[in-house]
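Notes for the one structure printed next.
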Amino acid sequence: MLSFFMFAMKKFNLCRLLFTILTFLQFVIAYKPVILLHGILTGFESMELIKNRIEQKHPGTIVYNVVEFGGWSSLDNMWYQVQQLGENITNFSKQHPDGVNFLGYSQGALLARTILQANPDHNVHRFISLSGPQAGQYGTQFLHLYFPGLALRTAFELFYSRVGQHTSVGNYWKDPYHQSLYLNYSQYLPYVNNEIESNRSTEFKTALTKLNKLVLIGGPDDNVITPWQSSQFGFYNENGTVVNFIDRDIYKEDRIGLRTLDEKGKLVMVTVPGINHFMWHTDVNICDNYILPYLD
């Protein structure tokens with residue numbers, strides 16, 4: 001009986017030791033903090049499902065869900081948002097010198113990418129763009145909510161103007177049939193995509209090539225990001241035909257580092273059919289299957 005008791009105690013102590021080791025490893029091998037940035041005319045609440053799922057599946061992960069520029073303020077000029085958000089996000093990142101992960105949704109994906117480019121000393125490890133208009137937007141499906149009566153073919157008259165450039169949408173509106181106006185009037189997208197050289201072109205590229213992983217998520221049934229391939233840097237040519245990112249100058253000339261990342265195996269394209277634009281951040285399966293696997 002005594003020998004059985006001693007044997008049981010040894011097994012109990014062994015189990016307790018294993019439990020202690022596993023608990024310790026959970027904190028040693030921790031996931032990096034995650035920054036979440038919401039889309040247009042929504043707010044941090046819209047990203048709560050992703051936040052909660054990360055915390056549930058990756059216990060102990062710190063998640064910073066950006067609260068600024070919710071609702072109508074999300075229509076503010078993109079450079080203004082970059083400037084205002086950049087400082088807070090940089091301060092958060094500095095608290096975690098081992099690096100952070102950054103996920104932006106919809107307009108927030110383009111905004112997040114620009115924040116990285118504007119802060120080339122960032123320590124973002126992995127950046128996930130969730131259905132963002134990275135190559136621009138040329139579709140009015142959702143814009144009627146904000147600009148009643150706006151017609152696709154004449155939208156350039158609004159957006160390529162001084163007034164239009166005060167709006168976030170105007171900053172990344174890219175009309176393939178009015179490229180000269182786009183390059184002359186757009187104050188934002190041609191610069192962050194290095195279609196127009198500036199004194200920041202080099203750092204805009206350097207900042208992205210620092211990433212350990214760039215994940216571009218989109219799909220053919222999005223119905224808001226137009227063309228949907230913009231979420232993966234594809235876009236219309238001057239004839240209205242969609243050109244895959246790998247055949248566009250932004251990749252071939254490596255303007256912002258996409259080719260560099262690709263050649264190093266750091267560029268990931270994720271295409272998911274059957275998902276509309278308002279499901280990407282509200283479908284738990286999307287989070288489990290296409291977001292969590294890319295967080296380290």
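Being assigned to a loop (DSSP other than H, G, I, E, B), more than 21 Å from Trp173 (Cα to Cα), under 19 Å from the mean Cα position of the chain (by Cα) and small (Gly, Ala, Ser) is a property that holds for Gly265.
Which of the residues spanning segment 215-259 are hydroxyl-bearing (Ser, Thr, Tyr) and surrounded by 15 or more Cβ atoms within 10 Å (Cβ to Cβ)? The answer is Thr226, Ser230, Ser231, Tyr236, Tyr251. Note on segment 270-289: residues that are in a strand (DSSP E or B) and surrounded by fewer than 17 Cβ atoms within 10 Å (Cβ to Cβ) total 1. I'd like to know if segment 253-271 contains one or more residues that are small (Gly, Ala, Ser), touching a residue at least 24 places away in the same chain (Cβ under 8 Å) and farther than 19 Å from Asn101 by Cβ. Within segment 253-271, none of the residues are small (Gly, Ala, Ser), touching a residue at least 24 places away in the same chain (Cβ under 8 Å) and farther than 19 Å from Asn101 by Cβ.
Listed by first and then second residue, the pairs with beta-carbon distance under 9 Å, at least 6 apart or on different chains, first residue in segment 73-98 and free of Cβ contacts under 8 Å to residues at least 24 places away in the same chain and over 20 Å from Tyr191 (Cα atoms), second buried (at least 19 other Cβ atoms within 10 Å of the Cβ) and of a type in the set (S, T, N, Q), are Ser73/Gln81. Filtering Ile250, Ile217 for residues that are in contact with a helix residue (DSSP H, G or I) (Cβ under 7 Å, 6 or more places away or on another chain), under 23 Å from Phe142 (Cα atoms) and either without any contact (Cβ under 8 Å) to a residue 40 or more places away in the chain or not in a loop (DSSP other than H, G, I, E, B) (or both) leaves a single hit, Ile217. Looking only at residues that are assigned to a helix (DSSP H, G or I) and among the polar types (S, T, N, Q) in segment 175-195, which one is surrounded by the most Cβ atoms within 10 Å (Cβ to Cβ)? Only one residue fits best here, namely Gln179.
Of the residues making up segment 28-40, those that are at pLDDT 95 or above and either in a loop (DSSP other than H, G, I, E, B) or hydroxyl-bearing (Ser, Thr, Tyr) (or both) are Tyr31, Lys32, Pro33, His38, Gly39, Ile40.
Among the candidates Ser129, Ser74, Ser46, the residue that is in contact with a strand residue (DSSP E or B) (Cβ under 6 Å, 6 or more places away or on another chain) and at pLDDT 95 or above is uniquely Ser129. When Tyr160, Tyr191, Tyr185 are checked against the criterion of being closer than 20 Å to Gly240 by Cβ and not aliphatic (A, V, I, L, M), Tyr160 stands alone in meeting it. Set side by side, the residues Ser168, Ser161 differ, and just one is among the polar types (S, T, N, Q) and touching a strand residue (DSSP E or B) at 6+ places or on another chain (Cβ under 9 Å), which is Ser168.
Of the residues Gln137, Gln83, which single one is closer than 18 Å to Val192 by Cβ, surrounded by 16 or more Cβ atoms within 10 Å (Cβ to Cβ) and over 12 Å from the mean Cα position of the chain (by Cα)? Reasoning before the result, please.
Values: Gln83 fails: surrounded by 16 or more Cβ atoms within 10 Å (Cβ to Cβ).
That would be Gln137, the only listed residue that is closer than 18 Å to Val192 by Cβ, surrounded by 16 or more Cβ atoms within 10 Å (Cβ to Cβ) and over 12 Å from the mean Cα position of the chain (by Cα).
Within segment 43-72, the residues that satisfy the criterion of being part of a helix (DSSP H, G or I), free of Cβ contacts under 8 Å to residues at least 40 places away in the same chain and surrounded by 15 or more Cβ atoms within 10 Å (Cβ to Cβ) are Phe44, Glu48, Lys51. Annotation: Ala155 fulfils all but one of (1) modelled with pLDDT under 95; (2) within 19 Å of Asn276 (Cβ to Cβ); (3) outside any loop (DSSP other than H, G, I, E, B); the unmet one is (2).
The values are calculated or read from the model by the stated rules, or taken from the named source; none is laboratory data. All values derive from a computational prediction rather than experimental measurement. Using ideal geometry, Cβ is built from the backbone for each residue, glycine included, and neighbour counts are taken over all protein chains shown.
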